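Please treat every number below as a calculation from the coordinates, not as lab data. Please read these numbers as outputs of a predicted model, since none were measured by experiment. Heads up, the Cβs are rebuilt from the backbone with ideal geometry, glycines too, and the neighbour counts pull from every protein chain shown.
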Amino acid sequence: MFGGFFRRYQMLTPKEYIDTYTECFIQKFRDFVADEYEIEICGLGNFIQKNSDILNYLIERLNANKFLIRFQGKIKYIEAINISCKNSSKGELYNYTYQIQNLPAIIEFSSKTDIPIIVIFTMRIVAQTIVKTKTLYKAFVFDLDETLWPGVLREIGVKRISDNLQTKRGETFISFMKFIKTLANELGIFIALCSRNKLEEVEVALNYLNENSFPLKNQIDYIVANDNDKSQNIKEIAEKLSILPNSMVFIDDNQIIRDEVRRNVPEVFVPNWESHNDLITLMIAVCIFEKNELSINSQNKRIQYKTIQIERKKNALPPLIVKAICDNNHSEALKLYSKSNQFKFSQNNGEFYNDSTSVYYEIYRENKESLGICSAITYRLSDNELHVYNWAISCRFFEIGLEETILQHLHHIGQTRKLTINYTQTDYNSKVSELIDKYPDIFVINKDLITVDVLLSEKHIDILKENTNLKLI
């Protein structure tokens with residue numbers, strides 16, 4: 001996976017940047033969404049150079065991945081690009097505007113990569129279309145030695161590491177970490193460490209270094225430090241962060257270790273690099289962390305997750321309140337369905353009956369502080385049956401009793417009606433399988449393998465109540 005551009009690093013050609021973009025971003029999206037898209041880009045038609053080989057190459061790669069691109073417009077100057085996007089598979093059409101901003105920075109980026117500006121705009125517009133539907137990358141996993149600090153901790157010790165960070169060479173490491181810190185804080189990207197040093201030595205080093213010399217000091221969400229294969233450790237990190245390995249970017253200066261991870265966890269994005277500046281350029285070029293908005297929820301996500309994990313580890317989760325909110329136009333439910341993988345009963349993200357109802361759940365502390373939207377269901381209620389088309393839970397809120405709380409709410413909605421949930425088992429929704437295995441007396445998978453019956457007697461409700469202390473309102 002990830003093709004020939006992952007040879008020993010040299011400055012990439014424009015076509016190789018496009019290959020990386022296609023294989024690590026566009027095709028990553030295709031792992032989850034198969035719909036065909038037609039994207040009409042209005043305003044750029046007059047700016048396309050004839051016989052633009054790089055643009056033609058990008059269009060060919062996009063067409064091969066079910067993105068049909070058209071350019072319109074003969075105007076001579078533009079401030080914003082109007083986009084018309086049609087999901088051909090579902091017949092959905094929506095429009096949005098792509099603002100042209102900071103042209104000097106775009107020109108500088110084009111000069112670094114030799115990618116024509118028109119191609120940069122096209123890549124980012126397609127990326128914007130994708131991120132409206134799916135968040136692809138959620139975490140960085142970093143090596144330490146010669147990746148985040150100059151030197152090998154076991155060989156020279158933390159004092160020399162600290163001294164090295166104060167040198168001219170150390171400035172590059174610090175600048176890179178500031179870039180990562182901003183990404184993590186603004187977009188909610190997790191940061192994990194995966195080191196061949198001893199855990200105690202890493203913890204001592206992180207305590208010794210200050211935030212000026214090591215800007216990621218207070219930004220680490222999880223640490224694994226041992227002599228195991230890093231592919232094995234990456235799987236552990238994914239499990240601890242409640243995300244999938246295919247949503248992770250692994251950064252290591254060692255080519256042999258990079259190859260080991262690619263071989264054993266091929267779904268992880270493992271870029272080749274020699275300088276931190278080239279690494280930043282690559283990630284920007286291929287739109288790894290493209291977003292279409294700044295979100296307070298994204299900024300708070302890591303903080304909320306870390307708080308819940310610490311409290312869960314101490315068996316000291318404070319009382320939490322879950323509020324059920326009617327989602328009249330299905331908007332919040334559809335957002336969660338498009339982003340969730342590990343706990344999502346069905347792959348049906350929006351094809352419901354007109355009289356179906358969606359409910360989303362928001363979780364609060366007792367002081368009324370919101371921890372965010374945690375789950376959503378979409379269902380149809382008839383005289384005899386409560387049929388759930390989909391049920392998803394955000395990965396931040398696994399195993400705190402939320403599953404049991406929502407099952408009780410479904411029982412309340414359905415009363416004595418038969419309860420059935422659409423179910424499609426995939427390589428990703430393992431948390432659904434774990435819930436079904438946890439309560440074999442409650443869940444009965446039908447022979448058609450596309451639905452599951454849920455048996456909720458008063459005895460079962462008592463068991464669910466024992467396994468959660470969340471309060472539903």
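Within straight-line reach of K28, meaning a Cα separation under 13 Å, sit the following aspartates and glutamates at least 8 residues removed in sequence or on another chain: D19, E267.
According to the square roots a ≥ b ≥ c of the eigenvalues of the Cα gyration tensor, what is the shape class of segment 17-58, taking rounded for a/c under 1.5, prolate for a/b larger than b/c otherwise, and oblate for the remainder? Because a/c hits 1.5 or more and a/b fails to exceed b/c, segment 17-58 counts as oblate. Given the alternatives [x] 60; [y] 74; [z] 69, percent of Cα pairs over 27 Å apart as computed for this entry is given by [x]. Where a Cα-Cα gap under 15 Å defines reach, which aspartates and glutamates qualify for K335, not counting those fewer than 8 residues away within the same chain? Filter leaves E293, D327, E351, E362. Computed packing ranks the peptides 236-245, 33-42 as 236-245, 33-42, most packed first, by mean other Cβ atoms within 10 Å.
Positive end of the dipole of the chain (Cβ unit charges, origin at the Cα centre): among L136, L410, I280, the Cα lying farthest that way belongs to I280. Each peptide in 246-256, 82-92 receives the mean, over its residues, of other Cβ atoms within 10 Å, and ordering these scores from highest gives 246-256, 82-92.
Which of the residue pairs K159/K230; K138/K178; K66/K132; K74/K134 have a Cα-Cα distance greater than 21 Å in the structure shown? From K159/K230; K138/K178; K66/K132; K74/K134, over 21 Å: K159/K230; K74/K134.
If the viscosity is 1.306 mPa s and the temperature 10 °C, what Stokes-Einstein diffusion coefficient in µm²/s follows for segment 356-473 when Rh is the Kirkwood radius over Cα pairs? Present the calculation step by step, with values, prior to reporting the outcome.
Numbers: Rh = 14.9 Å.
The diffusion coefficient I find is 107 µm²/s.
Using just the alpha carbons, could you tell me how many Å³ per residue the convex hull of segment 1-152 encloses? Can you show the working numbers first?
On the way: hull volume 22.3 nm³, N = 152.
For segment 1-152, the hull spanned by Cα atoms encloses 147 Å³ per residue.
Across segment 108-120, coupling constants 3J(HN,Hα) worked out from phi with the 6.51/-1.76/1.60 Karplus curve, θ = phi - 60°, read 4, 5, 4, 5, 5, 9, 6, 8, x, 4, 4, 6, 4 Hz, and Gly and Pro carry x.
Cα-Cα over 19 Å: which of K291/K339; K368/K431; K181/K431? From the list (K291/K339; K368/K431; K181/K431), the Cα-Cα distance tops 19 Å for K368/K431; K181/K431. Loop-located GluC sites (Glu not before Pro) across segment 329-390 with a Cβ neighbour count of 16 or fewer within 10 Å are E351, E366, E369, with loop assigned by DSSP. Descending by average beta-carbon neighbour count within 10 Å, the peptides 145-154, 433-442 line up as 145-154, 433-442, the highest first. Summing Cβ point charges (Lys, Arg +1; Asp, Glu -1) relative to the Cα centre of the chain gives a dipole of roughly 700 debye. Expressed as a fraction of 2.2 N^0.38 Å, the C-alpha radius of gyration for segment 124-201 is 1.39.
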